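Asker: Before we start, here is the structure in question, set down as structure tokens.
What follows draws every value from the coordinates through simple rules; no lab data is involved. Source: prediction; values computed, not measured. Note: ideal-geometry Cβ built from the backbone for every residue, glycine included; neighbour counts use all protein chains shown.
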Amino acid sequence: MEAVFTTHNLWMMIATILVFIMHLGFASLETGLTQSKNTVNILFKNATILPIGLLTYAFWGFNIMYPGDDFAGSFFGFAGFGLSMPEGANTGGYNEAYTYWTDFLFQAMFAATAATIVSGAVAERIKLNSFLVFTIIYVGFCYPIVGMWKWGGGFLDALETPFYDFAGSTIVHSVGGWAALAGVMLLGARHGKYHNGKIRPIPGHSMPFATVGVFLLWFGWYGFNGGSVLSADPGLVSLVFVTTTLAAAAGAIGALITALIVVKSNDLTMVLNGILGGLVGITAGADQMGVTDAIIIGLVAGALVVLAVVFFDRMRLDDPVGAISVHLVCGVWGTLAVGLFGELASGAQIVSQLVGILSVGVFCFAVSLLIFYVLKATLGIRVTEEEEIEGLDIGEHKMRAYPDINNKAEEVYS
Amino acid sequence: MKKVEAIIRTSKFEDVVEALAEQGITFLSFYDVKGHGLEKEYQTYRGATYDVGYIPRTKLEIIVTDEFTDKAISTILSVAKTGKVGDGKIFVTHVDEVYRIRNGAEGKDALN
């Protein structure tokens, strides 16, 4: 018995580490898809979001998200500040598959993801301090409150046909996506993105970095989805690995085909976003889908990403990394797909999925709009135009990401 | 002595340098330049096609004695040509003095 408990717990800790490495994936992807003059700023945000998420989750977040059975079926619960190990929690008395500490850390690694998603969408123009204030409020309160609705036994879990979100297409990815949308709406487009009524792209400065980031995210997703089985159950974990992999692959191909038809180019960034779209799409039902379901979900997600990127660009919602298309659009799609495909597919499930999508959407969008609005009226959320043109690395950090390269304005080869 | 400056297609750079060397012209500087002209350079990124705002070219700077000037010009004219818009231009100016830093040689001696 002890060996089985150790095996389960070991897998959960490995999954925790895999989710951790996703934060490096986000950092690399966001770095690659933005300009070199804003690289320190992007990395700084990524390097502070995770610590903020981990600390707020330790102080109160975990106990808001998992307040205990007393708050079953409700909208909000709180089990007190800090972490305290329950009796017998190291030997299977807390859960059959993991210790209290493992539970905390696995969930804590998820928490910061929501704010990291926002970071990419608002990149290259948001004031650092305002973004950090937003992160503390959003990751500290908004994310665990929404998480409790489903994973903490709240009202979405208590519906007659319970809302289903296996690893967080809605609970994690849409939560980040809605805030990204609110931030982008209040910030406005980057300087120079729209010129004389035309879209003028601002290409990211490193396609290799973007690619490394996406592969790291894919790698980490095996922990994100595989760990969400919440045990090392051989059948379920391996099924989740297969659906996750096939959806990511189908996402890439869905994006490739759509990009060829719609925008007539072999755009690497679209294929990269397509992989992520497929991953976000399968996340809600990774343990409920068969092989064909997973591939269909991925293909549709990949296509949706390309269409959404073009659509948001035309709507003048400037999202440098495509975070809204990937995490919001595909998050909604993946959540809905649980009612359309796989073991749970039914009319009642579709209704429950819609209830979940809408309640999370209304809450997250409204709260983040409010936070950004108050920040805009007080601290300000956008850097000056001069700072934006010069780059946030110098403006916010007084340093450059590539000091020895940037200083050679004209490189002469002879 | 003359200075022959030529803005050429980067894709023709190696051919031109080779052909110049065959003519005995081995002393030159070059660098990548960005410019405006009749042509436009289009790229696509995330579904939008856009004018990058400049055309990339390579610029050669060759200092030659008068006897080599025509060779340099005719070589570039023939080798760098594709016949399409954007093949580039050649500018020739007079050079008053040339010194070799190693030994202080002047004029023609500094070039050979």
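Asker: Step through the table entries A:Lys150/A:Lys376; A:Lys193/B:Lys59; A:Lys37/A:Lys264; A:Lys193/B:Lys12; B:Lys2/B:Lys89; B:Lys12/B:Lys89, compare each Cα-Cα distance with 23 Å, and write down the pairs that go over it.
Answerer: A:Lys150/A:Lys376; A:Lys193/B:Lys59; A:Lys37/A:Lys264; A:Lys193/B:Lys12
Asker: Helix by helix through chain A, keep the DSSP H runs that span 20 Å or more along the axis on Cα and average at least -1.0 on Kyte-Doolittle, and give those back in order. Working shown, then result.
Answerer: On the way: long enough: A:2-32 (45 Å, 1.11); A:39-56 (26 Å, 1.25); A:100-121 (34 Å, 0.96); A:207-226 (28 Å, 1.02); A:234-258 (36 Å, 1.76); A:268-283 (23 Å, 1.75); A:291-314 (35 Å, 2.08); A:347-377 (44 Å, 1.88).
Going by DSSP H runs, the hits are A:2-32, A:39-56, A:100-121, A:207-226, A:234-258, A:268-283, A:291-314, A:347-377.
Asker: Could you give the dipole magnitude of the range B:2-111 about its Cα centre, charging the beta-carbon of Lys and Arg +1 and that of Asp and Glu -1, in debye to the nearest 20? It would help to have the intermediate numbers written out before the result.
Answerer: On the way: 16 positive and 18 negative charges, 90 e Å.
For the range B:2-111, the charge dipole is close to 440 debye.
Asker: Taking amide H atoms as placed 1.01 Å from N in the peptide plane, list the residues 5 or more away in sequence, or in a different chain, whose amide H sits under 5 Å from that of B:Val33.
Answerer: The list, which skips near neighbours in sequence, is B:Arg57, B:Thr58, B:Lys59.
Asker: If you put +1 on each Lys and Arg Cβ and -1 on each Asp and Glu Cβ, how big is the dipole of the protein assembly as shown around its Cα centre, in Debye rounded to 20?
Answerer: Rounded to the nearest 20 debye, it is 1240 debye.
Asker: Can you list the HN-Hα couplings for the range A:159-164, worked out from phi with the Karplus curve (6.51, -1.76, 1.60; θ = phi - 60°), rounded to whole Hz and with x for Gly and Pro?
Answerer: 4, 4, 9, x, 4, 10
Asker: For the range B:60-112, run through the GluC sites (Glu not before Pro) and keep only the ones in DSSP coil with at most 10 other Cβ atoms within 10 Å of their Cβ.
Answerer: B:Glu97
Asker: Find out how many positive minus negative residues lie around B:Val85, taking Lys and Arg as positive, Asp and Glu as negative, among other residues whose Cβ is under 15 Å from that of B:Val85.
Answerer: +4
Asker: Does the range A:231-386 classify as rounded, prolate or oblate by the C-alpha gyration tensor (a ≥ b ≥ c root eigenvalues; a/c under 1.5 gives rounded; else a/b over b/c gives prolate, otherwise oblate)?
Answerer: The shape class here is oblate.
Asker: Would you please report the Å³ per residue occupied by the convex hull of the alpha carbon atoms in chain B?
Answerer: Hull volume over Cα atoms, normalised by residue count, gives 121 Å³.
Asker: If you fit an axis through the alpha-carbon atoms of helix B:13-22 and take the longest principal axis of the Cα set of chain B, what angle between them do you get, 0 to 90°, nearest 10?
Answerer: Value to nearest ten degrees: 20.
Asker: Sum up the charges of everything whose Cβ sits under 12 Å from the Cβ of A:Val360, counting Lys and Arg as +1 and Asp and Glu as -1, but leave A:Val360 out.
Answerer: Within the 12 Å Cβ shell, the charges total 0.
Asker: Sticking with this one: Take the alpha-carbon positions of chain A, form their convex hull, and give its projected area averaged over all directions (one quarter of the hull surface) in nm².
Answerer: 21.7
Asker: From the phi of every residue in the range B:36-44, what ³J(HN,Hα) in whole Hz does the Karplus formula 6.51 cos²θ - 1.76 cosθ + 1.60 yield, where θ is phi - 60° and glycine or proline is x?
Answerer: Going residue by residue, I get 10, x, 5, 7, 10, 9, 9, 10, 10 Hz, with x marking Gly and Pro.
Asker: Quick one: Cα centre-to-centre distance for the range A:118-145 and the range A:275-335, in angstrom?
Answerer: Each part's Cα centre sits 22 Å from the other's.
Asker: Hey, another quick one. At 0.36 nm per residue, minus the direct Cα-Cα distance, what do B:Ser78 and B:Tyr99 gain on full extension? Give it in nm, one decimal, please.
Answerer: Length gained, B:Ser78 through B:Tyr99: 4.5 nm.
Asker: Hey, another quick one. Please give me the summed charge of the neighbours of A:Lys376: other residues whose Cβ is under 12 Å from its Cβ, Lys and Arg +1, Asp and Glu -1.
Answerer: Residues close to A:Lys376 contribute a combined charge of +2.
Asker: Follow-up. Of A:Val306, A:Thr91, A:Pro51, which is farthest on the positive side of the dipole of the protein assembly as shown, counting Cα position, with +1 on Lys and Arg Cβ, -1 on Asp and Glu Cβ, and the Cα centre as origin?
Answerer: Ranked along the dipole, the leading option is A:Val306.
Asker: Set Lys and Arg Cβ to +1 and Asp and Glu Cβ to -1, take the dipole of chain B about its Cα centre, and tell me which of B:Thr58, B:Thr10, B:Leu38 lies farthest positive.
Answerer: Farthest towards the positive pole: B:Leu38.
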